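Written below as structure tokens is the structure these notes are about.
The values are calculated or read from the model by the stated rules, or taken from the named source; none is laboratory data. Just so you know, these numbers come straight off a predicted model, no measurement behind them. When we count neighbours, we look across all protein chains shown, and the Cβ atoms used for this are built from the backbone with ideal geometry, even at glycine. Just so you know, the surface numbers come from the protein's heavy atoms only, side chains and all, with ligands and any DNA or RNA stripped out. Shrake-Rupley method; radii C 1.70, N 1.55, O 1.52, S 1.80 Å.
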Amino acid sequence: MAPMAAIKKAVSLAAGMGTRMLPATKAVPKEMLPVVDKPLIQYAVEEAVASGIEEIVFVLAEGKEAITEHFGHLSRVEAFVREKGDRDLLAQVRAPSNLARYEYVLQDRPAGIAHAVACARELVEGEPFALIFPDDLILSSRPCTAQLADAYSACGGSVIAVEQVAPEDIPSYGIVDPVGPGNPARLKGLVEKPPAAEAPSNLGVVGRYILGPSIFEHIERTPPGKNGEYQLTDALASQVAAGEPVCAYSYEGHRFDTGRPLGLLIAGLEVALGRPGLRRRLLEHIGRLSEGGVPH
Ligand code: G1P
């Protein structure tokens, strides 16, 4: 196995419109929607930090100022809570600002994930970095990004988190084409959102990657693909075509697609059931609902 690659930087994409969660996301960035009492993007940052990441580059779009404010210092809320003298609450309010170093870049138009990643180029170039989509919330005993960082060392090139997806869901995912079994599994190709009948496997790409430094050259020379957007899947396929090792990694963990109402609801339910202060009453309430039906 190659020496452990220390992955110190992550790019977190938070430029998407959140169309599947409208009207909630009309004024509130989708990454700021809460799972119990924390916004989704804080879970992503906590996962990164627990994986050894020290610097996070957020790729934002217009209208995402709430994210900058959430990770900033000296907000009006912080001042208010300090005045009240509630030290525990103050610690919670301040926690997001102190988790990592933050940088912010703006994607000026929605042109695809590869285009968004390229916006962070100057800040992460020259070393492998993690890429995290906050709307894929992953709960696991070992953080998913840490699992991928290990897999990067084993693979020697870009690593993509994958999981099995149902046939009807294949057209919603990047689908990988592994050379053979193994985990990480080296890839001979990958394709963005194919029809189920043309999919090379049932392993779908989820929103966690470790990208090797050459990714920016491949993004640069990859034309727009599916839906006329610059697809990261195509840039990774270009790394494969150039003979670079690219691997899929079947991570251990449980993913919630919080970009959709049902996924966000289930995530909230599972996180709440893991909280001692909420579990008992929530279960009682669910019990009552399932006995008596929904009251309205
Ligand atoms: C993106 C990627 C896709 C991947 C998915 C994971 O698609 O293009 O390859 O499977 O994220 O969440 P999106 O969900 O942004 O349409």
Legend entry - Whether the range 104-158 is rounded, prolate or oblate, judged on the alpha carbon gyration tensor where a/c under 1.5 counts as rounded: oblate
Legend entry - P(r), alpha carbons of the range 209-296 - 10 Å bins starting at zero, rounded %: 13, 25, 23, 15, 16, 8, 0
Legend entry - For the range 145-191, the Rg and Dmax computed from alpha carbons only, in angstrom: 11.5, 33
Legend entry - Solvent-accessible area per residue, Å², over the chain with all protein chains present [probe radius 1.4 Å]: 50
Inset, instruction - Above 19 angstrom, tally the Cα pairs of the range 101-216 and express them as a % of all pairs, no decimals. - result: 52
Inset, instruction - Roll a 1.4 angstrom probe over the protein heavy atoms and tell me the percent of accessible area of the range 1-125 that is carbon or sulfur. - result: 56
Legend entry - Pairs from K9/K84; K9/K30; K30/K84; K30/K226 whose Cα-Cα separation, in the structure shown, is over 28 Å: K9/K84; K30/K84
Legend entry - Under Karplus coefficients 6.51, -1.76 and 1.60, residue-wise ³J(HN,Hα) of the range 220-233 in Hz, glycine/proline x: 4, 9, 9, x, x, x, 3, 6, x, 9, 6, 9, 5, 3
Inset, instruction - Hey, can you grab everything whose amide H is under 5 Å from the amide H of V179? Only 5+ residues off in sequence or another chain; H modelled, so Pro and N-termini drop out. - result: R186, L187, K188
Inset, instruction - From zero up to wherever the largest Cα-Cα distance of the chain sits, split into 5 Å bins and tell me the percent of pairs in each. - result: 1, 5, 11, 15, 18, 17, 13, 8, 6, 4, 2, 1, 0
Legend entry - With eigenvalues of the C-alpha gyration tensor scaled by 5 and rooted, the range 137-296, Å: 36, 18, 13
Inset, instruction - Take peptides 216-223, 80-87, 243-250 and line them up by average Cβ neighbours within 10 Å, highest first, as a rough protection proxy. - result: 243-250, 216-223, 80-87
Inset, instruction - Determine, for each peptide in 278-288, 166-176, the mean count of other beta carbons within 10 angstrom over its residues, then list the peptides with the highest first. - result: 166-176, 278-288
Inset, instruction - Could you tell me how many degrees, from 0 to 90 and to the nearest 10, lie between the Cα long axis of helix 276-292 and the main elongation axis, the longest principal axis, of the Cα atoms of the chain? - result: 90
Legend entry - Set of lysines with alpha-carbon distance to K26 below 21 Å, sequence-local pairs under 8 removed: K38, K64
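Under 13 Å from the Cβ of A24, count the other residues' Cβ atoms, weight Lys and Arg +1, Asp and Glu -1, and hand me the total.
Neighbourhood net charge equals +2.
Specify whether the C-alpha gyration tensor of the range 158-237 places it in the rounded, prolate or oblate class, a ≥ b ≥ c being the square roots of the eigenvalues: rounded for a/c under 1.5, otherwise prolate if a/b is larger than b/c and oblate if not. Could the numbers behind the result be given before it?
Working: a/c = 1.96, a/b = 1.20, b/c = 1.63.
Cα axes put the range 158-237 in the oblate bin.
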Inset, instruction - For the range 122-127, take each phi angle, set θ = phi - 60°, evaluate the Karplus expression 6.51 cos²θ - 1.76 cosθ + 1.60, and give the result in whole Hz per residue in order, putting x for glycine and proline. - result: 4, 8, 10, 4, x, 8
Legend entry - Distribution of pairwise C-alpha distances over the range 43-116, 5 Å bins, in %: 3, 14, 22, 19, 18, 13, 7, 3, 2, 0
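From the Cα gyration tensor of the range 1-151, with a ≥ b ≥ c the square roots of its eigenvalues, which class applies: rounded if a/c is under 1.5, or else prolate if a/b is larger than b/c, or else oblate?
The shape class here is oblate.
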Legend entry - Placed amide H near Y104: partners under 5 Å, 5+ positions off or other chain: F58
Inset, instruction - Any chance you could check the Cα centroid distance between the range 199-255 and the range 258-273 for me, in angstrom? - result: 27
